[in-house]
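Visitor: Handing you a structure now.
The values are calculated or read from the model by the stated rules, or taken from the named source; none is laboratory data. Since we're looking at a predicted model, the values are computed, not measured. With ideal geometry, Cβ positions are generated from the backbone for all residues, glycine too; neighbour counts draw on all protein chains shown.
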Amino acid sequence: MGEQKSKPSRIKAVLFDMHKTLTDVEEEFISLTRQVARTVGIDLTPFSDDEILTALESFDDWFTCFQIENDVDIHYGNEIEHWTEANRVMFEAIGITGLSDDILISVEKKWRERLKTWEMLRPEAKSTIYELHKRGYPLGVCTRRPDDPSYLLREWGILDKFSTVRWTSVPGYAKPYPYTLILAADDLGVNPQNCAFVGNSVDVDVVAAQRAGMTPVLATWAYTEEVVETPEGTYIINKVSELLDLLIEL
């Protein structure tokens, strides 16, 4: 049963983060980066994990600034071409220069192919979602993915249980900003204060829930250390199915 830190009002709808909340991954991101680069003939074996991590951080910093400075729309990043320069920045950060646009586009295509199978639905997630739907809870997904994850939810056999799927990775719209959570609550016709939001990160998911006026539920299975930082008013669950008992209490 979830650990209770305070007593909120009754919950009428449940929204979920996706990555490492509803899903697991086959391998960590640095390993995935090496694999994708190798498929287009770029060998990253001379570089340490720390060097690749630094390059990924350069990628993220550049892309964040670009999106804000250019006032991109909420779903920017959905097209392959959106990532060409960011990928160039990443490779140049570890000293790989002179890559053509064609190679960088191939990198992004391989990323997208690999991401289709990288994430998998967690054990108990499907049965928990089915049970919540059976109990009459309106359900939704709010994710920082740069693309619409509906095709994955459909493949996993749960898309029809969600009444809304909101997604964006654009800074200012994406979590920890509450934009997608507020939109999702409006989609469901439920006041945000009557919604619970389930996620695995205090700085991203719990903060977004608080800013939206929702009840935060922290999932601990991806990052157990997050529990230490959990603010008052947050509920903690150690596996997906614990949500069923927790919602009865609320």
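Visitor: Show the residue pairs meeting these rules: Cβ distance below 7 Å; 6+ apart or different chains; first residue within the stretch 151-174 and of a type in the set (Val, Ile, Thr); second residue assigned to a strand (DSSP E or B).
Guide: Matching pairs, first to second residue: THR164/GLY140; VAL165/GLY140; VAL165/VAL141.
Visitor: Further, regarding this structure: Could you say whether any residue in the stretch 194-202 is more than 19 Å from HIS19 (Cα to Cα), touching a Lys or Arg at 6+ places or on another chain (Cβ under 9 Å) and of a type in the set (S, T, N, Q)?
Guide: Going residue by residue through the stretch 194-202, those that are more than 19 Å from HIS19 (Cα to Cα) are 194-195.
Filter once more, keeping what is touching a Lys or Arg at 6+ places or on another chain (Cβ under 9 Å): 194-195.
After this cut, where a residue has to be of a type in the set (S, T, N, Q) as well, the list is 194.
Yes.
Visitor: Mind listing whichever residues of the stretch 122-151 are closer than 20 Å to THR168 by Cα and either of a type outside the set (A, V, I, L, M) or modelled with pLDDT under 95 (or both)? Walk me through it before giving the result.
Guide: Residues of the stretch 122-151 that are closer than 20 Å to THR168 by Cα, as a first pass: 139-151.
GLY140, CYS142, THR143, ARG144, ARG145, PRO146, ASP147, ASP148, PRO149, SER150, TYR151 - these are the residues of the stretch 122-151 that are closer than 20 Å to THR168 by Cα and either of a type outside the set (A, V, I, L, M) or modelled with pLDDT under 95 (or both).
Visitor: While we're on this one: Check VAL107 against each of (1) among the aliphatic types (A, V, I, L, M); (2) buried (at least 18 other Cβ atoms within 10 Å of the Cβ); (3) under 11 Å from ALA55 (Cα atoms) and name the one condition it does not meet.
Guide: All conditions pass for VAL107, except number (3).
Visitor: Inside the stretch 57-87, can you point out the residues that are assigned to a loop (DSSP other than H, G, I, E, B), surrounded by 13 or more Cβ atoms within 10 Å (Cβ to Cβ) and of a type in the set (Asp, Glu)? Break it down into steps so the answer makes sense when it comes.
Guide: First, pick out the residues of the stretch 57-87 that are assigned to a loop (DSSP other than H, G, I, E, B): 70-79.
Filter again for surrounded by 13 or more Cβ atoms within 10 Å (Cβ to Cβ), leaving 72, 74-78.
Residues satisfying the conditions do not exist here.
Visitor: Now, a different point. Please go through the stretch 223-243 and give me each residue that is surrounded by 17 or more Cβ atoms within 10 Å (Cβ to Cβ) and among the aliphatic types (A, V, I, L, M), ordered by number. Even if it seems obvious, please write down each step before you answer.
Guide: Pass one, the stretch 223-243, residues surrounded by 17 or more Cβ atoms within 10 Å (Cβ to Cβ): 226, 230, 234-237, 240, 242-243.
Result: ILE236, ILE237, VAL240, LEU243.
Visitor: Further question on the same structure: Of everything in the stretch 148-161, what is under 23 Å from TYR76 (Cα atoms) and buried (at least 17 other Cβ atoms within 10 Å of the Cβ)? Give them in sequence order.
Guide: Passing the criteria: PRO149, LEU152, LEU153.
Visitor: All but one of (1) within 16 Å of the chain's Cα centre (by Cα); (2) in a loop (DSSP other than H, G, I, E, B) hold for LEU181; which doesn't?
Guide: (2)
Visitor: Kindly establish whether THR45 is more than 26 Å from SER150 (Cα to Cα), surrounded by 15 or more Cβ atoms within 10 Å (Cβ to Cβ), modelled with pLDDT of 95 or more and out of contact with any strand residue (DSSP E or B) (no Cβ under 6 Å at 6 or more places or on another chain). Working first, answer last.
Guide: On the way: more than 26 Å from SER150 (Cα to Cα): yes; surrounded by 15 or more Cβ atoms within 10 Å (Cβ to Cβ): no; modelled with pLDDT of 95 or more: yes; out of contact with any strand residue (DSSP E or B) (no Cβ under 6 Å at 6 or more places or on another chain): yes.
So THR45 does not fit the description; no.
Visitor: Looking at THR54, THR128 in this structure, which one is polar (S, T, N, Q), under 27 Å from LEU15 (Cβ atoms), touching a helix residue (DSSP H, G or I) at 6+ places or on another chain (Cβ under 9 Å) and surrounded by 15 or more Cβ atoms within 10 Å (Cβ to Cβ)? Reasoning before the result, please.
Guide: On the way: THR54 fails: under 27 Å from LEU15 (Cβ atoms).
That would be THR128, the only listed residue that is polar (S, T, N, Q), under 27 Å from LEU15 (Cβ atoms), touching a helix residue (DSSP H, G or I) at 6+ places or on another chain (Cβ under 9 Å) and surrounded by 15 or more Cβ atoms within 10 Å (Cβ to Cβ).
Visitor: Give the residue that is surrounded by the most Cβ atoms within 10 Å (Cβ to Cβ), with candidates limited to residues of the stretch 202-222 that are without any contact (Cβ under 8 Å) to a residue 40 or more places away in the chain and assigned to a loop (DSSP other than H, G, I, E, B). Steps first, answer last, please.
Guide: Of the residues in the stretch 202-222, the ones without any contact (Cβ under 8 Å) to a residue 40 or more places away in the chain are 202-203, 206-207, 209-213, 216, 218, 220.
So of that shortlist, the ones also assigned to a loop (DSSP other than H, G, I, E, B) come out as 213, 220.
Details: GLY213: 15, THR220: 18.
Step by step, filter the stretch 202-222, then rank; the result is THR220.
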